[in-house]
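Read-outs: derived from the displayed coordinates by stated rules, not from any lab. As the structure is a computational prediction, the values presented were derived from the model and not from experiment. Here the Cβ positions follow ideal geometry from the backbone for every residue, glycine too, while neighbour counts run over all protein chains shown.
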Amino acid sequence: MRILVTGGAGFIGSHLCDRLLAEGHQVVAMDNLITGTLDNIGHLAGNQSFLFLKHDVSNFIFVPGKVEAVLHLASPASPNPTSPYGYPQLPIQTLKVGALGTHHALGVARAHKARFLLASTSEIYGDPQVHPQNEDYWGHVDPIGPRSVYDEAKRFAEAITMAYHRYHDLDTRIARIFNTYGPRMRLDDGRVVPNFIVQALSEEPLTVYGDGMQTRSFCYVDDLVEGLYRLLLSEEMRPVNLGNPAELTIGGLAELINQMTENEAGTRVLPERRDAADPQRRKPDIARAKQTLGWEPGVDLETGLHRTIEDFRIRL
Ligand code: NAD
Ligand code: UDP
């Protein structure tokens, strides 16, 4: 297939481009580099099956030649209010790419009669009152809270994707991605895994917000990309959770990273991130992905962190 990947110079997008090329597809990566970087796709320069177009997808999209699938990943994704790459610093861009960007990406898919896959998020569940979260849960989102620019944009993106499916008969897929980590994440992305690894490799204490008892479930990027690829090839129109159900506390993650990097500086407790409306618990129920895609993550946290730490060590 000839596949358009929006957000193709980002962390997940660039790994996805690699995988699609390895499967023999042609890839057009479109990105405005607002949070991504050409370093992520530099190794693809000169590849005849790969084309990069620098473009903001919140504006009308034109892709020369045929398009058989559109994978829409463009969006800032870090909730950290102090990172220049966090969506709290990019609120209007985040709302626009989730709304206008998704509309344009759907428009390309419709014009080319192509299959469309939306990279949605566990954030559509907000600070969940159901645990673990399955796809039937409607979520608990504050429409005017600090995360709303991202959460509501993604909820709108799901809604307009379903509208194109129902009213234009577009062939659509919705992936609800849970916390994903791996090589190529920006050193200053602001999310917990890059923050902790950079701090640990610099022999500094790891900054834990609050009591560290809040939980997340971390999925290694190769596993996630496998799930996205299977979803693309499947016939599953309903949203599908993609994530690793192995849940741990943020305090536990800090301890593990300090141990793996032999960092003796310990942790530094910072006030709870009230300005970021930190969800207390998050864990995917992946029964649907298992059943319809035959997918479940295979890379355990220590193995994935080891690969990520080595990548960060080189870049630091
Ligand atoms: P990222 O910031 O590395 O990648 C996003 C890419 O989109 C960047 O390259 C950025 O420059 C590009 N982009 C943003 N706005 C754009 C626009 N208007 N036009 C063109 N390009 C634009 O983040 P990521 O972690 O790789 O996330 C990729 C996708 O997956 C996002 O849609 C995100 O919401 C979703 N997601 C990620 C996670 C995760 O844990 N990494 C979890 C849930 C959902
Ligand atoms: N976190 C932390 N220290 C950091 C960065 C994040 O303790 O330096 C915590 C944050 O408060 C949250 C969890 O780690 O509870 C995951 O945060 P992240 O920014 O990675 O994304 P989220 O899952 O909140 O969207």
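With all distinct Cα pairs included, what does the Kirkwood hydrodynamic radius of the stretch 90-223 come out to in Å, to one decimal, could you say?
Values: mean 1/r = 0.0593 Å⁻¹.
Kirkwood radius, the stretch 90-223: 16.9 Å.
Distance in nm between label sites at E203 and H43, each 7 Å beyond Cα in the beta-carbon direction?
Modelled inter-label distance: 3.1 nm.
Using every alpha carbon pair in the stretch 186-315, what percent of pairs falls into each 5 Å bin from 0 up to the bin containing the largest distance?
Calculated over all Cα pairs of the stretch 186-315, the distribution is 2, 10, 18, 20, 18, 14, 10, 6, 2, 0 percent.
Per 5 Å bin, what percent of the C-alpha pairs of the stretch 155-241 does each bin hold, from zero upward?
For the stretch 155-241, the binned pair fractions read 3, 11, 16, 17, 15, 12, 10, 8, 5, 2, 1, 0 percent.
According to the Kirkwood expression over distinct Cα-Cα pairs, how big is the hydrodynamic radius of the chain, in Å?
Working: mean 1/r = 0.0510 Å⁻¹.
Over the chain, the inverse of the mean reciprocal pair distance is 19.6 Å.
For the stretch 122-135, in order, what is each residue's ³J(HN,Hα) by Karplus, 6.51 cos²θ - 1.76 cosθ + 1.60 with θ = phi - 60°, in whole Hz (x at glycine and Pro)?
Along the stretch 122-135, the couplings run 4, 5, 5, 7, x, 8, x, 9, 10, 9, x, 8, 10, 5 Hz.
What is the Cα coordinate range of the stretch 1-129 on the first, second and third principal axes, sorted by size from largest, in whole angstrom?
Answer, in whole Å and largest first: 42, 31, 29 Å.
Post the alpha-carbon centroid distance, the stretch 1-36 to the stretch 251-316, in whole angstrom.
So the two Cα centres are separated by 24 Å.
Using Cβ contacts closer than 10 Å as the measure, can you line up C219, C17 from fewest to most? The partial results should precede the final answer.
Numbers: C219 25, C17 30.
Ascending number of Cβ neighbours within 10 Å: C219, C17.
Quick one: compute the contact order of the stretch 178-238, relative version, from alpha carbon pairs under 8 angstrom and 6+ residues apart, as a percent.
The normalised contact order for the stretch 178-238 reaches 41 percent.
Using the alpha carbon gyration tensor of the stretch 63-124, what are the three equivalent-ellipsoid semi-axes (square root of 5 times each eigenvalue), largest first, in whole Å?
Working: eigenvalues 142, 25, 17 Å².
Taking √(5λ) for each eigenvalue gives 27, 11, 9 Å, largest first.
Multiply the residue gap between I314 and L256 by 0.36 nm, knock off their C-alpha separation, and tell me the result in nm, one decimal place.
18.9 nm
Highest mean first, what order results for 66-74, 51-59, 86-94 on Cβ atoms within 10 Å?
Per-residue Cβ counts within 10 Å, averaged per peptide and sorted highest first, yield 66-74, 86-94, 51-59.
Residues with beta-carbon under 15 Å from that of S75, excluding S75: net charge, scoring Lys, Arg +1 and Asp, Glu -1?
Local charge sum for S75: 0.
Note down the relative contact order for the chain as a percent, whole number, built from C-alpha pairs under 8 angstrom at least six residues apart.
Answer for the chain is 17 percent.
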